[in-house]
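All remarks here apply to the structure that follows.
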Amino acid sequence: MVIDFSKLKKILIIRLSSIGDILLTTPLIRSIKKKNPALQIDFALKEEFFELLQNNLNLTNIHRYTKHSFEKQILIKALISNDYNLVIDLQNNLRSREIIRPLHCQTLRFKNNNFKKFLLVHFKINKLKDAPQIPVRYAEAAGVELDSEGLDFFTAIKPNSKLKADEKYIGLCPGAGHFTKRWPRECFIELGKRLESTGYKIALFGGLEEVDLCFEMENQIKNAINLCNTSILQVGSDMKMCRVIYTNDSGLMHLASAVKVPIIAFFGSTVREFGFFPYKAKSIELEMENLSCRPCTHIGRKSCPKIHFKCLKEIKTELAVNSLKNIMAS
């Protein structure tokens, strides 16, 4: 279905969660706006992710979704009152369909490829070999061709006062939503010490779930600066002060990409075919490509089903250090 966006007045995009998935919608938002600068583009997401799009000038309204039934009904009434010409559902689950159903307007939906993911994870049958990255797949769902730019993230907050303009900072993001997506903490600590010994300053990034981990690393890396913060706007601003950021396959990887900082990313239980490698970013991805048990999941697991956890334990600190030299030279 081909949509002529130049003839539309109001559209709604829905992607309720999470950090990376929402940031990956920004090329689509921007590309649609370029087609019709007068178009009202609204976005619906979970309340806790509001800051991700708070300053995005391509959006008119950002609607906050909560699970509370009363607030949910208020949201739906507000959406109905906007009389949208089109809804682009990039979540495509029961919650997003519950929101859309009362709007009674044309809807385009993102295809999740769940069966193909199942085949790859459980039988290693790869039907996703040529699958494009998620921003491109979002755009295909909307029938839009993307521009050549990367992700967007806008923050007007000043960097943390601990960060000095004349220092050489390397950021470490040791967290991720699931165990099998986290390079071991002892490896991050060793990496921090190695980099510090060569004259770099270490900045630690994370959210609420990484508070204890970042505190532990702060204590073990002599001069590390702990910038763990629940404000995405502050984290994004602080990241801009870094020369390079080391990160797991996580939302902060996509945030680093959106603020245009070079990335060295560790990939364990997940693979390129799922579409979440850094998008149009200067990056190096470290992974054990020939490990037969990869991928063991498309989102992450609480533990390694094979116990050995080779997918991340076999990525050595020496490789991570050498990758910094490579990305700085490129």
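For Leu172, are the conditions met, namely being under 18 Å from the mean Cα position of the chain (by Cα) and more than 26 Å from Asn322 (Cβ to Cβ)?
no
Hey, among Leu16, Leu75, Leu45, Leu59, which residue is touching a Ser or Thr at 6+ places or on another chain (Cβ under 9 Å), in the same structural domain as Pro132 (by TED's automatic domain parsing) and part of a loop (DSSP other than H, G, I, E, B)?
Leu16 is the lone residue from the list that is touching a Ser or Thr at 6+ places or on another chain (Cβ under 9 Å), in the same structural domain as Pro132 (by TED's automatic domain parsing) and part of a loop (DSSP other than H, G, I, E, B).
Residue by residue, here is whether (1) surrounded by fewer than 18 Cβ atoms within 10 Å (Cβ to Cβ); (2) within 30 Å of Leu227 (Cβ to Cβ); (3) in contact with a Leu (Cβ under 8 Å, 6 or more places away or on another chain) holds:
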| site | (1), (2), (3) |
| --- | --- |
| Thr60 | yes, no, no |
| Ser69 | yes, no, no |
| Lys72 | yes, no, no |
| Asp89 | no, no, yes |
| Gln106 | yes, no, yes |
| Ala139 | no, no, yes |
| Gly143 | yes, no, yes |
| Leu151 | no, yes, yes |
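Could you tell me whether any residue of region 315-330 is crowded, with 21+ Cβ neighbours inside 10 Å and in contact with a strand residue (DSSP E or B) (Cβ under 7 Å, 6 or more places away or on another chain)?
As a first pass, look at region 315-330 and keep what is crowded, with 21+ Cβ neighbours inside 10 Å: 320, 324.
Imposing the further condition that a residue be in contact with a strand residue (DSSP E or B) (Cβ under 7 Å, 6 or more places away or on another chain) reduces the set to 320, 324.
Checked region 315-330: at least one residue is crowded, with 21+ Cβ neighbours inside 10 Å and in contact with a strand residue (DSSP E or B) (Cβ under 7 Å, 6 or more places away or on another chain).
With of a type in the set (A, V, I, L, M, F, W, C), modelled with pLDDT of 95 or more and touching a strand residue (DSSP E or B) at 6+ places or on another chain (Cβ under 8 Å) as the only criterion, which of Leu252, Leu213 stands out?
Answer to the selection: Leu252.
Just one of (1) closer than 23 Å to Lys77 by Cα; (2) not in a strand (DSSP E or B) trips up Arg30, so point out which.
(1)
Could you check region 264-281 and list, in sequence order, the residues that are in a strand (DSSP E or B) and in contact (Cβ under 8 Å) with a residue 40 or more places away in the chain?
Across region 264-281, the qualifying residues are Ile264, Phe266.
Within region 194-202, does at least one residue satisfy the condition of being part of a helix (DSSP H, G or I) and among the hydrophobic types (A, V, I, L, M, F, W, C)?
Here is the first cut: in region 194-202, the residues part of a helix (DSSP H, G or I) are 194-197.
Now narrow it down to the ones that are among the hydrophobic types (A, V, I, L, M, F, W, C): 195.
Yes; the residues of region 194-202 include at least one that is part of a helix (DSSP H, G or I) and among the hydrophobic types (A, V, I, L, M, F, W, C).
Sort out which residues of region 230-251 are under 16 Å from Ile157 (Cβ atoms) and either in contact (Cβ under 8 Å) with a residue 24 or more places away in the chain or crowded, with 22+ Cβ neighbours inside 10 Å (or both), and write them in order of number. Steps first, please.
Start the filter on region 230-251 by keeping residues that are under 16 Å from Ile157 (Cβ atoms), which leaves 230-242.
Ser231, Ile232, Leu233, Gln234, Val235, Gly236, Ser237, Asp238, Met239, Lys240, Met241, Cys242 - these are the residues of region 230-251 that are under 16 Å from Ile157 (Cβ atoms) and either in contact (Cβ under 8 Å) with a residue 24 or more places away in the chain or crowded, with 22+ Cβ neighbours inside 10 Å (or both).
With (1) in a helix (DSSP H, G or I); (2) within 20 Å of Ile19 (Cα to Cα) as the list, and His298 as the residue in question, which single condition is left unmet?
(1)
This table checks each residue for (1) in a loop (DSSP other than H, G, I, E, B); (2) among the polar types (S, T, N, Q).
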| residue | (1), (2) |
| --- | --- |
| Tyr84 | yes, no |
| Ile88 | no, no |
| Asn92 | yes, yes |
| Pro102 | no, no |
| Asn112 | yes, yes |
| Phe115 | no, no |
| Val121 | no, no |
| Lys127 | yes, no |
| Pro132 | yes, no |
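Is there any pair linking a residue in region 155-172 that is in contact (Cβ under 8 Å) with a residue 24 or more places away in the chain and surrounded by fewer than 19 Cβ atoms within 10 Å (Cβ to Cβ) to one that is of a type in the set (S, T, N, Q) and assigned to a loop (DSSP other than H, G, I, E, B), with Cβ under 7 Å and at least six apart or on different chains, and which?
That search, which allows pairs on different chains as well, returns Ala156/Asn55.
The values are calculated or read from the model by the stated rules, or taken from the named source; none is laboratory data. No experiment lies behind these values; they were computed from the predicted model shown. Every residue, glycine as well, gets a Cβ built from its backbone with ideal geometry; the counts of neighbours run over all protein chains shown.
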